[in-house]
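Here's the structure, in structure tokens; my notes come after.
The values are calculated or read from the model by the stated rules, or taken from the named source; none is laboratory data. In this text, all values refer to a predicted model and were calculated from it rather than measured experimentally. Cβ atoms come from the backbone with ideal geometry, glycine included; neighbour counts cover every protein chain shown.
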Amino acid sequence: MLEYLAMSATTREELLWRFGKAEDPEVEARRQRILEVLLEASPQVQERLIEKGIEKGIGKGRLAEARAALRRVLARRQLALSPLDDARIEACVELATLERWHDQAITATSVSEALQ
């Protein structure tokens with residue numbers, strides 16, 4: 001792996017854009033492995049990311065709980081999630097958004113209304 005690679009700002013931005021989540025499970029697994037290696041090689045960055053998560057009070061556990069609570073409310077109200085809606089909930093990493101959706105799901109007449 002190259003340690004340093006000179007590149008233009010445009011190239012860097014395109015690379016970052018293309019580095020997003022992949023649909024292909026094999027490609028996604030490789031992408032995640034690269035991220036793991038980079039974080040292991042940069043303990044300061046890893047620590048800073050952990051601190052940001054702690055400061056915001058957002059851990060994987062809290063996000064998972066918020067997603068589960070939202071799904072329970074929708075199911076209890078017999079509002080069926082499409083695969084696209086479910087993926088949208090899973091992709092959400094903002095606790096405030098998940099909580100807003102949860103509150104909206106209590107009175108919503110459709111999933112799309114709940115996830116506004």
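Some observations on this one:
- One residue from THR97, THR107 being within 24 Å of GLU23 (Cα to Cα) and either among the polar types (S, T, N, Q) or assigned to a loop (DSSP other than H, G, I, E, B) (or both): THR97
- Qualifying residue in the range 20-35 (condition: part of a loop (DSSP other than H, G, I, E, B), at pLDDT below 80 and small (Gly, Ala, Ser)): yes
- Residues in the range 37-72 that are of a type outside the set (A, V, I, L, M, F, W, C) and modelled with pLDDT under 85: 12 in all.
- Inter-residue pairs, beta-carbon under 6 Å, first assigned by TED's automatic domain parsing to the domain that holds ARG77 and under 13 Å from LEU70 (Cα atoms) and in the range 89-116, second basic (Lys, Arg) and surrounded by 17 or more Cβ atoms within 10 Å (Cβ to Cβ), 6+ apart: ILE89/ARG67
- Total residues in the range 79-104, condition more than 20 Å from the chain's Cα centre (by Cα) and crowded, with 17+ Cβ neighbours inside 10 Å: 1
- Here ARG31, ARG76, ARG67 are screened, and the one residue that is closer than 22 Å to GLN116 by Cβ and either surrounded by 11 or more Cβ atoms within 10 Å (Cβ to Cβ) or of a type in the set (Gly, Ala, Ser) (or both) is ARG67.
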